[in-house]
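Scroll down for the structure; my scribbles are underneath it.
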Amino acid sequence: METKKTSNKTVLAGVLTAIGASICCIVPVLALIAGSTGFLSTFSWIEPFRPYLIALTIFIISFAWYQKLKPKHEIDCACEENEKPSFWQSKKFLVFVTLFAGLMLTFPYYSHIFYSQPIKDIVYVEQENIVEETFAITGMTCAGCASHIQNEVGKLNGIISVKASYEMASAIVKYDKTKVDLTEIQKAINSTGYKVVNH
């Protein structure tokens, strides 16, 4: 019975560390769905610990599998040994937890699918009205953060293209200066919870 309790605690620890490893990328998507995007960079402080959390998750899930698959030692006792384990102690549940942990750990690589691309009308812009500006941005920690900025800025009228990069901590915005100005673009970026630092 003690082994079952330990196994449950191990599995729970694996799930929590997997969620913790990607929380800085999960929160922006949840906030976008909920419609409140102002506090999005709150969990960016976790990003430096992500490799350690990933390693801990892998270790804990591996240990849970080891516990589940190791050979059982025969002990002479009068206890009921043939009782079927509950779903929470089964291999099926451990498979589910392993898949869930994998999805959480890889979340930053597919989080961009949650951001819809705004449909823009094809508009002809005179060449002298096109401006390209680079914004230095703090707080981005993954591709999901960059996708969120691209989504918000892309909603503005007059935006031709937006390319945000968390590695470069910047966004390159090409826009029609007759329809949108720097202040509006900066405000859209800041509304995501990440901050423009060079304007």
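Some points to look at:
- Label zone of Glu126 (point 7 Å out along Cα→Cβ, amide N under 13 Å): in segment 148-189 this covers 177-179.
- Residues of segment 132-155 with amide N under 13 Å of a point placed 7 Å along Cα→Cβ from Ser191: 149-155
- nm² value of the averaged projected area, convex hull over the Cα atoms of segment 115-196: 4.9 nm²
- Shown for Ser111, Ser90: other C-beta atoms within 10 Å of each C-beta, ranked fewest to most, produce the order Ser90, Ser111.
- Among Thr141, Thr106, sorting on how many other beta-carbon atoms sit within 10 Å of each Cβ, with the fewest leading, yields Thr106, Thr141.
- Computed about the Cα centre, the dipole magnitude for segment 115-196 is approximately 240 debye when only Lys and Arg (+1) and Asp and Glu (-1) carry charge, each at its Cβ.
- The distance between label points at Lys174 and Ser62 comes to 4.6 nm (points 7 Å beyond Cα on the Cα→Cβ vector).
- Residues Met104, Met140, Met168 arranged by fewest to most Cβ contacts within 10 Å: Met168, Met104, Met140
- Straightening the chain between Asn198 and Tyr110 buys 28.8 nm, computed as 0.36 nm per residue apart minus the Cα-Cα spacing.
- For Ala55 and Phe87, a Förster radius of 25 Å and the Cβ-Cβ distance give a FRET efficiency of 0.30, rounded to the nearest 0.05.
Read-outs: derived from the displayed coordinates by stated rules, not from any lab. Since the structure is predicted, the reported quantities are computational estimates derived from the model, not experimental observations. Glycine gets a Cβ as well: all are built from the backbone with ideal geometry, and neighbour counts include every protein chain shown.
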